[in-house]
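So the structure is just underneath, and the comments pick up after that.
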Amino acid sequence: MRIEIWSDVVCPWCFVGKRRLETALAGFEHADEVEVVYRSFELDPSAPAHGHELSTGVIARKYGRSEAEMRQLQQQLIDVAAEEGLALRLFETVHTNTVDAHRLLHLALDAGGPALQRELKEALLSAYFEQAQDVGDHEVLTRVAVGTGLDEARVRAVLAGDEYADAVAADVAQARAYGATGVPFFVVDRAYGVSGAQPAEVFAQVLDQAWAASHPVLQTVGGDAEACGPDGCAI
């Protein structure tokens with residue numbers, strides 16, 4: 001079974017959704033046979049490459065709210081995230097571009113497969129939300145990526161050019177083709193879509209349904225009748 005997750009590293013609900021899916025997988029008996037791959041989605045491709053302005057004010061303007069109102073909404077999200085074991089520093093995060101972070105996630109997938117990519121995804125989300133670091137800054141990205149095991153020279157080479165930019169664009173295009181208008185967006189076996197940071201119970205239901213669909217149980221009819229066994233025929 002394969003789960004593809006479209007998300008952004010500056011999306012707090014993506015972090016919450018990640019934890020809720022992990023909770024569901026922890027109780028799924030076939031979890032060892034599930035592959036999780038992250039796909040790119042940029043919430044704001046126009047964001048500055050090196051963020052300096054706090055994201056609270058930017059989001060407040062975008063949605064026509066006062067900063068005080070936005071801080072109240074952010075606090076509600078902080079409280080929800082805390083229930084999933086996350087300590088989000090939403091009041092300290094900066095508005096920054098994420099295309100380079102996504103390019104490194106594609107590098108990680110190529111270099112070490114889904115396991116390394118997942119490790120980098122977790123590290124980037126933590127750097128932004130729990131450490132309030134600018135994940136648009138190349139030095140921050142390099143430090144985080146190297147810390148997960150990626151080769152520093154390779155990381156710097158990717159950041160210095162536009163490698164994997166086409167892969168990022170392809171991910172975004174696929175999300176639109178699926179009809180995804182926001183993230184997180186989860187696709188299981190290219191057959192089941194889950195929009196948003198659903199409760200762990202919802203993910204558990206989808207996992208069971210997808211597994212049953214891909215591993216149908218043979219239905220026998222007619223009851224028992226005479227047959228030959230592994231030792232031959234009695235008659």
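Filtered by the rule that a residue be surrounded by fewer than 18 Cβ atoms within 10 Å (Cβ to Cβ), touching a helix residue (DSSP H, G or I) at 6+ places or on another chain (Cβ under 8 Å) and in a helix (DSSP H, G or I), the stretch 20-38 gives T23, A31. Step by step: first the residues of the stretch 69-124, then only those that are among the acidic types (D, E) and free of Cβ contacts under 8 Å to residues at least 24 places away in the same chain, then the one that is nearest to T148 (Cα to Cα). Which residue is that? Step by step, filter the stretch 69-124, then rank; the result is D110.
Checking each residue in the stretch 39-52 for being of a type outside the set (D, E, K, R) and either buried (at least 17 other Cβ atoms within 10 Å of the Cβ) or touching a Lys or Arg at 6+ places or on another chain (Cβ under 8 Å) (or both) picks out S40, F41, A47, G51. Of note, S55 does not satisfy the criterion of being among the hydroxyl-bearing types (S, T, Y), under 15 Å from the mean Cα position of the chain (by Cα), buried (at least 21 other Cβ atoms within 10 Å of the Cβ) and at pLDDT 95 or above.
Every residue, every condition in (1) at pLDDT 95 or above; (2) in a helix (DSSP H, G or I); (3) surrounded by 19 or more Cβ atoms within 10 Å (Cβ to Cβ); (4) at positive phi, yes or no:
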residue: Q76; (1), (2), (3), (4): yes, yes, no, no
residue: V80; (1), (2), (3), (4): yes, yes, no, no
residue: G85; (1), (2), (3), (4): yes, no, no, yes
residue: N97; (1), (2), (3), (4): yes, no, yes, no
residue: H102; (1), (2), (3), (4): yes, yes, yes, no
residue: K121; (1), (2), (3), (4): yes, yes, yes, no
residue: L124; (1), (2), (3), (4): yes, yes, yes, no
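Counted as qualifying within the stretch 128-207 are the helices (runs of 4 or more DSSP H) with 3 or more residues that are crowded, with 21+ Cβ neighbours inside 10 Å and of a type outside the set (D, E, K, R), namely 138-147.
The values are calculated or read from the model by the stated rules, or taken from the named source; none is laboratory data. Remember, it's a predicted structure, so these values are computed and weren't measured experimentally. Glycine gets a Cβ as well: all are built from the backbone with ideal geometry, and neighbour counts include every protein chain shown.
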